[in-house]
Amino acid sequence: MLLLRNTCFLFIALVFLGSCGEESLPKPKAMLRLSYPEADLATYKDSCPYGFDYNDRAILESAKGCALKLDYPEMNGAIYITYKPVKDNLQSLLTDAQKLSYEHVVKADNILEQPFVNRDDRVYGMFYEVRGNAASQAQFYVTDSTEHFVTGSLYLYAKPNYDSIYPAAVYLQKDIRKIMETLKWK
């Protein structure tokens with residue numbers, strides 16, 4: 001009986017001593033911090049009737065009709081640029097560009113319109129920042145209103161989860177703004 005009492009006491013003492021220590025708490029979910037390097041600029045000058053500066057981390061691919069793709073393999077995304085000449089069709093080109101931007105309204109939380117005007121180089125346009133789980137996070141168009149019309153779209157090759165793609169979208173939106181700011185007609 002004495003042995004049983006001592007064993008019981010020893011067991012209880014071990015349980016109490018073993019349970020002492022730091023309280024374990026669940027760890028909070030970590031947030032991935034993505035940072036991207038500052039852009040070094042390259043200049044696009046070709047036989048097309050426009051030129052601009054772009055991020056040299058992008059791989060420039062040309063297609064027929066002065067269409068371009070700026071591929072960002074590190075970010076799993078691309079900026080697609082198309083060119084169309086203006087031939088008494090400016091209103092339909094503007095309507096098509098605006099319609100393309102607002103096709104994303106179904107999934108978007110908000111679409112912010114930001115007008116762009118560069119009177120010195122005769123470049124006028126609109127930048128659309130698309131917020132939410134839409135397929136494209138940015139759209140833009142620029143024109144000189146008489147001869148040239150350029151549109152562009154940003155696509156990330158990932159499921160459109162806005163919280164996850166937000167850092168990459170913001171980085172590439174800055175690249176689009178740089179393209180708009182430096183675009184010149186030939």
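Tabulated values for the structure
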| item | result |
| --- | --- |
| Sites Asn110 and Ser35 - FRET efficiency at Förster radius 35 Å, r taken between beta-carbons, to 0.05 | 0.90 |
| Cα gyration tensor, segment 109-186 - rounded (a/c under 1.5), prolate or oblate | prolate |
| Charged-residue dipole, Cβ positions (Lys, Arg, Asp, Glu), segment 41-185 about Cα centre, Debye nearest 20 | 120 |
| Among the listed pairs Lys45/Lys69; Lys84/Lys184; Lys84/Lys186; Lys45/Lys99, those beyond 22 Å (Cα-Cα) | Lys45/Lys99 |
| Stretch gain in nm, segment Asp88-Ser164, where the contour uses 0.36 nm per residue and the Cα spacing is subtracted | 23.1 nm |
| Protection proxy ranking of 150-158, 94-102 - average other beta-carbon atoms within 10 Å, highest first | 150-158, 94-102 |
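We did not get these values from a lab; they are worked out from the coordinates using the rules stated. As the structure is a prediction and not an experimental result, all values here were calculated from the model. Cβ coordinates were reconstructed from backbone atoms using ideal geometry, including for glycine residues, and neighbour counts include every protein chain displayed.
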